[in-house]
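Right, one structure below, let's go through it.
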Ligand code: SF4
């Protein structure tokens with residue numbers, strides 16, 4: 001069957017050995033599984049993180065470039081993927097899952113028990129893909145990277161990102177209502193939506209516009225995670241670290257708009273050891 005699972009719309013026949021922009025073939029590839037992973041957002045608690053190889057967006061500054069540039073990792077057919085899901089010690093954190101949506105849907109259906117799922121996406125999603133993912137997703141953890149088409153084009157060759165990501169975000173908000181629970185004294189998000197934004201060096205204006213866009217699309221009650229941990233990946237752009245003043249301007253804008261749920265990140269997080277080792 002030809003693949004139109006993401007906005008790249010390659011139309012390649014992955015069942016027949018063809019690969020598209022994301023590099024994904026018929027079966028999912030997992031580059032790494034971390035069974036006990038601590039998230040940047042404490043409300044997610046401990047998770048079992050599955051890092052898929054390949055990516056349908058492909059940003060120049062990708063912090064996981066070792067596994068995203070090529071579709072690396074072990075191949076899992078649907079049954080093997082279901083076994084990996086069943087064997088998880090914690091809620092599943094599916095990292096960059098979008099290009100394996102079809103395989104994931106089939107695998108979830110084969111699981112012994114319905115897994116608890118965090119769908120950790122770049123935000124570059126077709127509305128239909130969001131609806132399909134919402135059938136098995138508890139928490140959408142989505143990036144919102146760009147509000148400026150020219151910046152989306154420069155860093156991700158995706159000038160349609162702002163338009164696509166807004167529509168996807170609205171669909172995610174419609175699909176899941178936030179539901180909180182307290183476990184061992186910690187407030188955890190059982191179901192819901194978290195919007196992440198990584199502030200990029202030299203691109204404060206884009207970040208301010210992202211916050212305006214998110215506020216207008218889904219309101220300021222949404223859980224917002226404003227990240228400062230940008231680390232130059234050695235061969236892409238931007239090629240310098242974020243400055244404190246850049247992050248401060250964006251954080252102050254978030255507060256001014258009225259975002260009150262979520263996280264600001266400690267500036268010391270901008271170190272290479274905060275990106276997973278693959
Ligand atoms: S999921 Fe991959 S093959 Fe399918 S349309 Fe997107 S980039 Fe192309």
| field | Two-site label geometry, residue 263 and residue 74: point separation in nm, points 7 Å out along Cα→Cβ | value | 2.8 nm
| remark: Computed from the beta carbon distance with a Förster radius of 30 Å, FRET efficiency for residue 231 and residue 18 to the nearest 0.05 stands at 0.30
| query | In Å, what is the Rg of the alpha-carbon atoms in the stretch 200-269, and how long is Dmax? | reply | 12.5, 37
| What number in nm² do you get for the chain if you take the convex hull of its Cα atoms and divide its surface by four? | 13.4 nm²
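Can you give the extra length, in nm with one decimal, that the chain gains between residue 60 and residue 135 once fully stretched, where that is 0.36 nm per residue apart less the Cα-Cα distance?
Extra length available between residue 60 and residue 135 comes to 23.8 nm.
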| request: Note down the nm distance, to one decimal, between modelled labels 7 Å out along Cα→Cβ at residue 205 and at residue 183. | output: 4.4 nm
| query | Between residue 40 and residue 153, what FRET efficiency follows from the Cβ-Cβ distance if R0 is 25 Å, with the result rounded to 0.05? | reply | 0.35
| Efficiency by 1/(1 + (r/R0)^6): what FRET value for residue 33 and residue 245, r their Cβ-Cβ distance, R0 = 35 Å, to the nearest 0.05? | 0.35
| said: Neighbour counts of other C-beta atoms within 10 Å: give me 166, 250 arranged from fewest to most. | reply: 166, 250
| query | How big is the stretch 85-189 by the Kirkwood estimate over distinct Cα pairs, in Å? | reply | 14.9 Å
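Would you mind ranking 40, 252 so that the residue whose beta carbon has the fewest other beta carbons within 10 Å leads the list?
Ordered by Cβ neighbours within 10 Å, fewest first: 252, 40.
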| field | Mean separation of Cα contacts under 8 Å, 6 or more apart, over the residue count of the stretch 175-271: relative contact order % | value | 30 percent
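How high is the relative contact order of the stretch 11-158? Use alpha-carbon pairs under 8 Å, at least six apart in sequence, and give a whole percent.
Reported as a whole number, the value is 21 percent.
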| query | Among 50, 198, 211, what is the fewest-to-most ranking by other Cβ atoms within 10 Å? | reply | 198, 211, 50
| said: Suppose a student asked you for the relative contact order of the chain, using Cα pairs under 8 Å spaced at least 6 residues apart; what percent would you report? | reply: 16 percent
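Every read-out reported here was derived from the displayed coordinates using simple, explicitly stated rules and does not represent laboratory data. Predicted, not measured: the structure shown is a model, and the values here were computed from it. As a convention, Cβ positions derive from the backbone with ideal geometry for all residues, glycine included, and neighbour counts pool all protein chains shown.
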